[in-house]
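Working notes for the structure below.
What follows is calculated from the coordinates using simple rules that are stated; it is not laboratory data. Keep in mind that this is a model prediction, so the values were computed, not measured. Quick reminder, even Gly has a Cβ in these numbers, built from the backbone with ideal geometry, and neighbours come from all protein chains shown.
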């Protein structure tokens, strides 16, 4: 078969060879097979479970894909950028992690440009912190800001310096650390939302907050003096708590005893007065009987305290020779015997 190509004249002809007359070249077939394989493999992509795929067609955003196997137009028509949205990212300020693991090793590199900050009382503090964040909007993260990670770094440093500059060095080093971290997280998130970076700050961790190296010895001496002062104050307060409450208790006890004694004396006096009044009323009704009863009651109280006594009739003389009443201790002889004894002398 001869194919003719029309020329400028009837005698001009181009003869084309037939297909079966073409040379059989093996590498052409191999190239075609490789091209087919490349097109097949470049038409599919896999998104990992912690990622999301951002699809660009001729450089323009067309959508996002979930984890799994997906198809795309090959030959550079579609391009996929995988963004790890489920992974927690972090940025370190003032230090760097050399190797992470069970025993984390940190770099010995000094970064004073990041960590040294001026406090509100014109002191210098060395602040090291970590920003932990996640990517929540891949489209904004990729296309809204030119370099979102650098933007996050600059914003974080600016907000931290502002927060530290509003407080004294003692607040930064001690009680104000948690408040500073919370405030920095809130302000940083507001700025990131304003710039539409698609980043969510999960936590701000103040890793290490210390005085600057040139003033650290003096600062440690001041802290030691303050600790000794607090220790002495606590010891004095403890001794105060031991002595003062005990003295107050003893004073209250003495007062209570005095009040009880006064109440007892008053009640006894009132009772004696009431008893005397009642006795006087009865005495007015029967003076003799009351007088005799009082006399007998008084003897009943006095005689048991006087010891042993022998009472005899003063006219009885027959018992005197038998009883040496004058020689017996505590025995009172009758009057006649005393008279005779005196006359005999």
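How much FRET efficiency would the formula 1/(1 + (r/R0)^6) give for residue 60 and residue 195, where r is the Cβ-Cβ distance and R0 is 25 Å, rounded to 0.05? Efficiency, rounded to the nearest 0.05: 0.65.
Could you work out how much longer the chain between residue 230 and residue 36 gets when fully extended? Use 0.36 nm per residue separation minus the Cα distance between them, nm to one decimal. Each step should come with its number before you reach the end.
Working: separation 194, 0.36 × 194 = 69.84 nm, distance 8.09 nm.
Value of the extension gain: 61.7 nm.
How much FRET efficiency would the formula 1/(1 + (r/R0)^6) give for residue 98 and residue 150, where r is the Cβ-Cβ distance and R0 is 30 Å, rounded to 0.05? Numbers along the way, then the final one.
On the way: r = 22 Å, r/R0 = 0.74.
Calculated value: 0.85.
Between residue 256 and residue 170, the simple spin-label model (points 7 angstrom out along Cα→Cβ) gives 4.3 nm. Once the chain from residue 268 to residue 85 is taken as fully extended at 0.36 nm per residue, the excess over their C-alpha distance is 56.6 nm.
From the alpha carbon centroid of the range 198-250 to that of the range 77-141 is 31 Å.
Residue ranges 197-207, 295-305 sort as 197-207, 295-305 when ordered by packing (mean number of other C-beta atoms within 10 Å per residue, highest first). Full extension of the chain between residue 105 and residue 137 gives 8.3 nm of extra length, using 0.36 nm per residue less the Cα-Cα distance. Here's the picture: a label point sits 7 Å out from the Cα of residue 43 along the beta-carbon direction, and within the range 61-90 the residues with their amide nitrogen under 14 Å of it are 70-78.
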